[in-house]
Amino acid sequence: MIPILIVAGVSALALSACSETADADASPEGPDAADTMVAIPESLAPFGEGYPNAGDPCRNLGESAATSNSLNDSAVLVGCPNEASAEALGGTIVDTIDGVRLVSVPMGDANVGMSENGPMSSSDAMVAGTDYNATAPINCGFGGSPPNQSCNAGVKRNWGEDGTNLVEVTKPDGRKRAIFFNGTTLYGADGAQADGSAGWDLKHTRDGDRVTITFGPETYVIVDALIEGG
């Protein structure tokens with residue numbers, strides 16, 4: 001009887017050890033958990049075709065109940081499906097929701113170009129390969145739709161002889177819309193007979209550091225940090 005009891009006890013211990021090993025292997029906190037790609041849920045209000053470039057795994061995030069505490073007027077909020085893609089952006093991971101890393105990426109002078117010796121320190125430096133002082137994606141909308149799309153924008157500070165600033169927005173069709181600011185105060189947009197925009201009304205509303213511009217059926221949301229830096 002004693003050998004039988006000893007064998008039974010060993011078997012029970014072996015089964016328990018196997019069970020614990022299986023549970024450990026099934027744990028989502030395993031060594032590859034950080035590299036697992038997850039889907040970005042609609043609750044995070046994702047938009048655009050990828051960030052910073054179309055086809056990239058991260059996406060811009062809009063305002064929703066889940067993202068409202070992480071939004072910042074001086075930064076772009078981006079959702080990344082794993083840790084590697086989030087860290088590649090160089091921003092700050094401010095939250096993780098359903099496995100999606102929420103990354104706050106500063107705008108304005110954080111986007112200035114690089115010289116051979118490192119980042120350019122001048123506030124008037126140019127983004128490498130462009131004639132812009134800073135670039136960033138902004139929210140935009142067309143055909144009277146809400147600004148739920150993403151457009152690339154660049155700013156030329158002190159563009160005019162009177163110190164005015166020019167923001168150029170590249171629309172989805174590749175054409176550009178120029179918007180003019182005196183400081184951070186909107187004062188004009190370019191219009192043309194060719195596309196019918198010469199007669200469009202220009203309106204805007206401001207919410208803190210964010211200005212929403214309506215030019216005919218087009219809408220653009222621009223933050224002060226892009227215009228003046230910060």
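Side notes on the structure shown:
- Residue pairs meeting the criteria (Cβ under 9 Å; at least 6 apart or on separate chains; first in contact (Cβ under 8 Å) with a residue 60 or more places away in the chain and of a type in the set (V, I, T), in segment 218-230; second buried (at least 21 other Cβ atoms within 10 Å of the Cβ) and part of a helix (DSSP H, G or I)): V223/G108; I227/G108
- Residues in segment 75-96 that are surrounded by 17 or more Cβ atoms within 10 Å (Cβ to Cβ) and either aliphatic (A, V, I, L, M) or assigned to a loop (DSSP other than H, G, I, E, B) (or both): A75, V76, L77, V78, P81, N82, A86, L89, G91.
- Residue in segment 203-212 that is exposed (fewer than 13 other Cβ atoms within 10 Å of the Cβ), closer than 14 Å to G143 by Cβ and of a type in the set (D, E) present: no
- Residues satisfying the stated conditions in segment 143-161, i.e. out of contact with any helix residue (DSSP H, G or I) (no Cβ under 8 Å at 6 or more places or on another chain), surrounded by 14 or more Cβ atoms within 10 Å (Cβ to Cβ) and under 17 Å from M126 (Cβ atoms): N152, G154, K156, W159
- Only listed residue being in contact with a Gly (Cβ under 9 Å, 6 or more places away or on another chain) and either among the hydroxyl-bearing types (S, T, Y) or in a strand (DSSP E or B) (or both), chosen from I179, I227: I179
- Of all residues in segment 98-109 being over 13 Å from D56 (Cβ atoms) and in contact with a strand residue (DSSP E or B) (Cβ under 8 Å, 6 or more places away or on another chain), the one that is modelled with the lowest pLDDT: D109
- Counted residues, segment 182-201 - those being crowded, with 16+ Cβ neighbours inside 10 Å and assigned to a strand (DSSP E or B): 2
- Unique residue being modelled with pLDDT of 85 or more and either outside any strand (DSSP E or B) or among the β-branched types (V, I, T) (or both) when the list is S64, S43: S43
The values are calculated or read from the model by the stated rules, or taken from the named source; none is laboratory data. Just so you know, these numbers come straight off a predicted model, no measurement behind them. Note that we place each Cβ from the backbone using ideal geometry, even for glycine, and neighbour counts take in every protein chain shown.
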